[in-house]
1. Has the range B:34-50 got any residue that is free of Cβ contacts under 8 Å to residues at least 60 places away in the same chain, within 14 Å of chain A (Cβ to nearest Cβ), under 21 Å from the mean Cα position of the chain (by Cα) and within 30 Å of A:ALA341 (Cα to Cα)?
2. Can you pull out the residues in the range A:205-228 that are more than 7 Å from chain B (Cβ to nearest Cβ), in contact with a helix residue (DSSP H, G or I) (Cβ under 6 Å, 6 or more places away or on another chain) and under 30 Å from A:PHE162 (Cα atoms)?
3. Taking the criterion of being of a type outside the set (Asp, Glu) and within 27 Å of A:GLY257 (Cα to Cα), would at least one residue in the range A:50-70 satisfy it?
4. Considering only the range B:197-230, how many residues are in a strand (DSSP E or B), in contact with an Asp or Glu (Cβ under 6 Å, 6 or more places away or on another chain) and more than 11 Å from B:PHE249 (Cα to Cα)?
5. Out of B:ILE61, B:ILE73, B:ILE20, report the one residue that is under 23 Å from the mean Cα position of the chain (by Cα), not in a loop (DSSP other than H, G, I, E, B) and not charged (D, E, K, R).
6. So which helices (runs of 4 or more DSSP H) stay within the range A:272-388 end to end and still have 2 or more residues that are touching a residue at least 60 places away in the same chain (Cβ under 8 Å) and of a type in the set (D, E, K, R)?
7. Right, A:VAL29: modelled with pLDDT of 95 or more and farther than 22 Å from A:MET400 by Cβ or not?
8. Tell me, which residue of the range B:231-254 that is on the phi < 0 side of the Ramachandran plot and assigned to a loop (DSSP other than H, G, I, E, B) is modelled with the lowest pLDDT?
Amino acid sequence: MTDNIKIVENATCTFCGCVCDDMDLHVDVEEKKIVKAKNACVLGRAWFAEHTIEDAPAAMIDGKEVSIEEAIEEAAQTLVKAKFPITYGLSDTTCEAQRQAVAISDFVKGTIDTTTSVCHGPSGLAFQGVGESTSTLGEVKNRADLVIYWGGNPAESHPRHFGRYAVTPKGMFTPGGKKDRTVVLVDVRKTKSSPVADILVRPKPGKDFEVLWALRALVKGKTLSNDIEKDTGVPLDVLKDLVERMKNCRFGVLFFGMGLTMTRGRHFNSGALLALANDLNEFTHFVAKPVRGHGNVTGADNVVSWQTGYPFGVNFSRGYPRFNPGEFTTVDTLSNGHADAALIIASDPASNFPKKAIDHLKRIPIIVLDTKSTETTKDAHVAFRTATYGINTTGTVYRMDDVAITLRPAFESPFPDDETILTGIRKRVHELMLAKHKAHGASGEAKVASPSKD
Amino acid sequence: MALILKLHTQPDVPLEADCICPDKFAQLSLQQVEQLPVFHGNRQVALGDFFHCSGDNDGHIQIEGDISKLKHIGSMMSFGSIRISGSVGVHTGAAMSGGEIIIEGDADDWLGPEMLGGRIVVKGNAGHMVGSGYRGSTVGMQGGEILVLGNVKNETGHVMRRGLIAVNGNAGDFTGVNMLAGNIFVFGEMGIRTGAGMKRGSIVSQTEPQMLPTFSYACRYRPVFLTHYLSYLVESGFSIDPDMTRGEFERWCGDSVELNRGEILFYTGK
């Protein structure tokens, strides 16, 4: 450690969806290392401390080092040649880079999808089917007196969620902090989050939908039989008590995690919870918020929605955006063998997708932008090493409650950022598509038959 | 004699062929049919690049070859017929309003979504979302009938408003979820959460489904109207226990979180 320490105040941690923006980073400028991250949680400290500049080529084609310009040219040519190119990832990069990725997908008439499709994608479907009663985390901090966590373990996945936003902070109408709140945790097992809860509800695994449906019935004044305990593992009295608390609170919030969205029933589980929040607004103010994982996955949803009208799983092959999860989501386009080129941004599908999808991914040319070497970069046709958002580059990210936050970088990286690379690819793709269009004219349309007049 | 489309080149990425529809073929010569546009991934090409076209263009189409990568066959069709010798891809018969599609093999997901009328018969299995609404849509199938002799997967009849879906085999989870009205028959086993959020409509099952806590027992009786449905389905090639036409059914009402005017009927024996 050298004496040349720079302090970056109010920096933002982009490790998880909490996007805490009160970090004080102590940066060793000469060694390009963050030596201390004040206010960071255990995950944030590791995120900042483990980030160093590795000695690696900035761009490679088939494992051989090339210039960035050559790699951009090859990436653009690959995407333009493809008949069904897919873009995937985007949740660990800035909104500015995400915007370029949408433009590329639009130009090459490809398919764009984000990691939302494998985490809170079902919630995205449920929002469309049911609607969303929503708020910012600031409102939760200042107003919520009943906080319910469903199917998540924030103590380990989002350590500062309790302390900064929802359980212990003292707010305008919750001056006593935790004393002014009732915390309910619904989970199939005891976790490190359990001690925080005033009430712990443990349904049988895979019975969340039935419990939510029973709560909805009770909120609507319907009677239920005592068989509910045999079916779901939760006694009727516990459900009735919870319903009374929910109806009589001043401001209630339901936070839900992947224990709900990624178990059997998926979007209907999320939909049942959102419908419960809607039902409760007959009696009091109640909101429901998904607890998002990646640092800017919420930004990915926002940018893709803003640009295309849909949050993920969007296809442009007919020249206009179409949304159909199950058809245009990446696991499906790969597992069904449809994709013939892939642009992967800040994600590692080769290590966490189903085997069938990975097998197909290995058969097609992949263009990868990542800050480090991954399973996906090993198989890449074109690989770019990029700077880390929030640590090396500025930009905009969205917190899990859709609040935009600007990043304050700690030190510079020798690698370009995602936005620079994607802007280069976007410009080159645009040129190539224009040239192609001019060369072919409207030959496609000329082939269209019209009904004979006789 | 029908117009015969014979696949000569297998597409390497999905082929969107919504032009394969009697309405779009109407009044065209065989040469003009071969020039109709299809989308091979993001490339607009001609139907003739993949199919040989022969026979008479009389409103009846016969497709030969493996077309499991073809999407949107018979979308928006209003008359005539399409007979498919093998399996077919997604969105077959989407929003069709008349005519008939007969699939000798299997159908992929989204069979007859948001269909308005007509008839689809699948001799093999079908995928998810049979006769359903698209994501974000509040109304699915609004008329016509879908008969599947094999099994179907999840969300059959999601938000359906009218019409008939009958499945000779098993169904997945959430059969008839959020349905507004209409009839669904399943003669095999059903998955979990049948009829969740249904407002009206009937789900008839040969076996006892797992009931949600928001469904309540109403009665046990012999529904006369079922006799007509069951004899029609037997005529259509379904193999049904003949005792069902004379047997008793339990009637359960639901879903009480919605209107509670839907019903699940299941056969209880003779």
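1. Taking every residue of the range B:34-50 in turn, none turns out to be free of Cβ contacts under 8 Å to residues at least 60 places away in the same chain, within 14 Å of chain A (Cβ to nearest Cβ), under 21 Å from the mean Cα position of the chain (by Cα) and within 30 Å of A:ALA341 (Cα to Cα).
2. A:LYS207, A:ASP208, A:VAL211, A:LEU212, A:LEU215, A:LEU218, A:VAL219
3. Within the range A:50-70 (the criterion being of a type outside the set (Asp, Glu) and within 27 Å of A:GLY257 (Cα to Cα)), the answer is no, since none of the residues qualifies.
4. Total meeting the criteria: 1.
5. When all the criteria are applied, what remains is B:ILE61.
6. Filter on the range A:272-388 gives an empty set.
7. Considered against the rule, which asks whether it is modelled with pLDDT of 95 or more and farther than 22 Å from A:MET400 by Cβ, A:VAL29 comes out as no.
8. Going through the qualifying residues, I end up with B:ARG246.
The values are calculated or read from the model by the stated rules, or taken from the named source; none is laboratory data. Quantities reported herein were computed from a predicted structural model and do not represent experimental measurements. Methodologically, a virtual Cβ is constructed for each residue, glycine included, from the backbone with ideal geometry; neighbour enumeration extends over all protein chains shown.
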